[in-house]
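Here's the structure, in structure tokens; my notes come after.
Every number here is computed from the coordinates shown, using simple stated rules; none is lab data. What you see is a predicted model, and the numbers here were worked out from it, not measured in a lab. Ideal geometry is used to build each Cβ from the backbone, glycine not excepted, and the neighbour counts take in all protein chains shown.
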Amino acid sequence: MSNYDIISSFCDTWASRDIDALMGFFADDAVYHNIPMDPPNVGKDMIRGVIEMFMKDPTAVTFAVHHQAESPDGVVLNERTDTFQIGEHQIALRVMGSFELAGGKITAWRDYFDMNQYLSQLPQQ
């Protein structure tokens, strides 16, 4: 399976909300960094914590990939919209993702997005 196909499957798996299945895509020492936020999350335990946080409130999560490409050295880039359904409220976030893989596992994942776009869509409390 190509890195392109692995990342396509990873993005599709978010809809299942199956954290164990999502974690199966990562190398043990993987790094995940939401670029507007620091520090990066290093290792599966930290990455799991972030994914659990993402899954806590939404009843549905989808990653809709609009464009995706794999470089000759196996880096996968994708432009997508991540959608989180929280009750009657929906947050749709435009994202540019960068994925590095080795041995069929994600070793580095960086997402670039506009934090203000996300914050402006949060339900008012």
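Please state the shape class of segment 79-122: rounded when a/c is under 1.5, otherwise prolate if a/b exceeds b/c and oblate if not, all from the C-alpha gyration tensor. It is prolate, given that a/c is not under 1.5 and a/b is the larger ratio. About the centre of its Cα atoms, segment 28-68 shows a dipole size close to 140 debye [charges on the beta carbon of Lys, Arg (+1) and Asp, Glu (-1) only; nearest 20 debye].
Over the chain, Cα pairs under 8 Å with separation of 6+ residues give a relative contact order of 26 percent. Note on segment 22-91 and segment 92-125: Cα centroid distance 6 Å, given to the nearest whole angstrom.
Summing Lys and Arg as +1 and Asp and Glu as -1 over all other residues whose Cβ lies under 11 Å from the Cβ of residue 105 gives a net charge of -2.
When every alpha-carbon pair in the chain is counted, what percent end up more than 25 Å apart? Everything past 25 Å amounts to 18 percent. Around the Cα centre of segment 3-119, unit charges on the Cβ atoms of Lys, Arg, Asp and Glu (plus for the first two, minus for the last two) sum to a dipole of about 120 debye. Distance between the pseudo-spin-label points of residue 79 and residue 96 (7 Å out from Cα toward the beta carbon): 0.9 nm. Take the Cα of residue 68, step 7 Å toward its Cβ, do the same at residue 2, and the gap between the two points is 1.1 nm.
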